[in-house]
């Protein structure tokens, strides 16, 4: 018994000599640059689905001093694809221009808009997302004969920027757009009013949902 106890104690002491204690591995926090501040210019491609909420019509008779207003039901649903270039101002602002193609039923237009985006929070952080708000404003060039060539559109909205890959940032966004379309009056027949004395405007209210992908 005494010899057995001596052997067990010696074995335990030898095992303790080579015992390596376990430790908890510390988690390494990798911060992401959500703004890519080393690049001052950006090139983006964006697309959205557009759902019309309705249309307001306004016909102003200048020589009569009268205005007629009436509403129409929502009937223009479509998509928009745009290519944009922007300049970074600090770590929160990107201002630039965008153009593309807007299609809704039989309505086709080419928008040209000035863009302004403001990103909240820190540009470099452990989080892989960043909230933002944006504004767009500019002319639209219509390709339909029933509308005068030049109109306008303004967009306001917000969204979230997500780091998809190591070097890819994707903005998911929603917004509201107000579009101005100008209708020419009927030129057939005899009328007491001259065409230049009649101003026929249509305002279309639209909800947008889409994405904005930063290429560079």
Cα point-scatterer Debye curve for region 69-111, base-10 log of I(q)/I(0) at q = 0.14 Å⁻¹: -0.53
Using only the C-alpha atoms of region 44-87, find the volume of their convex hull and express it per residue in Å³. 126 Å³
If R₀ is 22 angstrom, what is the calculated FRET efficiency for the pair residue 216 and residue 170, using the beta carbon separation as r and rounding to 0.05? 0.95
A correct fewest-to-most ranking of 35, 205, 77 by other Cβ atoms within 10 Å would be 77, 205, 35
Fewest to most neighbouring Cβ within 10 Å: what's the order for 66, 33? 66, 33
Mean projected area in nm² (Cα convex hull; one quarter of hull surface) for region 31-214: 11.8 nm²
Set the Förster radius R0 to 30 Å, insert the Cβ-Cβ distance between residue 30 and residue 133 as r into 1/(1 + (r/R0)^6), and round the FRET efficiency to 0.05. 0.65
Provide Rg over Rh for region 119-216; use the alpha carbon set for both Rg and the Kirkwood Rh (inverse mean inverse pair distance). 1.23
Backbone N within region 126-146 under 18 Å of label point (7 Å from residue 38 Cα along the Cβ vector): 126
Proxy exposure order for 146, 166 (fewest C-beta within 10 Å first) is 166, 146
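Taken together, the values in this text are just the output of simple stated rules run on the coordinates, not laboratory data. These numbers were taken from a predicted model, which means no experiment stands behind them. In this analysis, Cβ positions are derived from the backbone assuming ideal geometry, glycine residues included, and neighbour counts consider all displayed protein chains.
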